[in-house]
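Before any comments, here is the structure.
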Amino acid sequence: MDKELQEKLKYLRLIGLISNWDSYLKLIQKKKLSHIAFLKHIIDEEYQMKKENARKMRMARAKMPEQFSIETFPFTKQPKLNKKKILSLYDSFDYMSKHQNVIWIGPTGAGKSGLASSFLTQAINKGYTGRFISFPELVEELYRSVGDHTERKVIKTFSSYECLLIDEIGYVEVEPIH
């Protein structure tokens, strides 16, 4: 690949095309692809790469301390949980499409954070924006924003997330601001 073409591809942010140039040329020779099929293949590869990079970025911005998966949740250790109902809610994805709140209530160690995180991970993987924050952190951030008069900005930021996970709600006593 010549420098001029490489610069144009960099400008267009087609990094996958730059890094896979030689393998794409081998592919077209090996499979004897038409120009249209070859272009479709390249565009699909770039699309998938950009989609995956965007997912990774959303995941990083969510600031989850651990990424849990519903598939690995230890339902056997929580026999009182209605596994069928939880999986039905998870699989239907209604909590996002219908803009529903999901509240996990139970004693310490029941798996509330793990379940909530798996739901947040699912939303992010499906293209939604999300954020994980503990209630003490949220309260601290809100109090700080009152002090520096940025509460509108902070509230706007948190209300902009399509899926907001507020963890550890029961661990902080909140005093009203007068």
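Some values worked out for this structure:
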{"quantity": "In Hz, Karplus ³J(HN,Hα) per residue of region 151-159 (6.51, -1.76, 1.60; θ = phi - 60°; x = Gly, Pro)", "calculated": "4, 4, 5, 5, 5, 4, 4, 5, 7"}
{"quantity": "Amide H contacts of Asp167 (H built 1.01 Å from N, under 5 Å, at least 5 apart or other chain)", "calculated": "Ile133, Ser134, Phe135"}
{"quantity": "Integer Hz, Karplus 6.51/-1.76/1.60 couplings in order for region 43-49, x for Gly and Pro", "calculated": "5, 4, 4, 4, 4, 4, 5"}
{"quantity": "Region 31-74-region 127-167 distance, computed between alpha-carbon centres (Å)", "calculated": "28"}
{"quantity": "Highest-MSF residue in the chain out of Ala110, Ala37, Ala54 [GNM, Cα springs under 10 Å]", "calculated": "Ala37"}
{"quantity": "Read-out mean projected area of the Cα convex hull in nm², derived from the coordinates shown; its label in [x] 10.7; [y] 16.3; [z] 9.4", "calculated": "[y]"}
{"quantity": "Separation of the Ile166 and Ser92 label points, Cα + 7 Å toward Cβ, nm", "calculated": "2.5"}
{"quantity": "Summed side-chain charge close to Arg131 - residues other than Arg131 whose Cβ falls under 9 Å, Lys, Arg +1, Asp, Glu -1", "calculated": "+2"}
{"quantity": "Under 20 Å from Lys63, Cα to Cα: aspartates and glutamates that are on another chain or at least 8 residues apart", "calculated": "Glu52, Glu137, Glu140, Glu141, Glu162, Asp167, Glu168"}
{"quantity": "Gaussian network model of the chain, springs between alpha carbon atoms under 10 Å - residue of Lys156, Lys98, Lys30 with greatest fluctuation", "calculated": "Lys30"}
{"quantity": "Out-of-range pairs (alpha-carbon distance over 20 Å; input Lys8/Lys50; Lys98/Lys126; Lys10/Lys30; Lys51/Lys112)", "calculated": "Lys10/Lys30; Lys51/Lys112"}
{"quantity": "Difference of contour (0.36 nm per residue) and Cα-Cα distance, Ser19 to Glu71", "calculated": "15.3 nm"}
{"quantity": "Span per principal axis, largest first, for the Cα atoms of region 70-171 (Å)", "calculated": "47, 30, 18"}
{"quantity": "Backbone HN-Hα couplings from phi across region 71-83 [Karplus 6.51/-1.76/1.60, Hz, Gly and Pro as x]", "calculated": "5, 9, 5, x, 4, 5, 7, 10, x, 7, 6, 8, 4"}
{"quantity": "Relative contact order (%) - criterion: Cα under 8 Å, at least six apart; region: region 70-171", "calculated": "28"}
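No value in this document is a laboratory result; all are computed from the given coordinates. This is a predicted model, so every value here is computed, not measured. In this analysis, Cβ positions are derived from the backbone assuming ideal geometry, glycine residues included, and neighbour counts consider all displayed protein chains.
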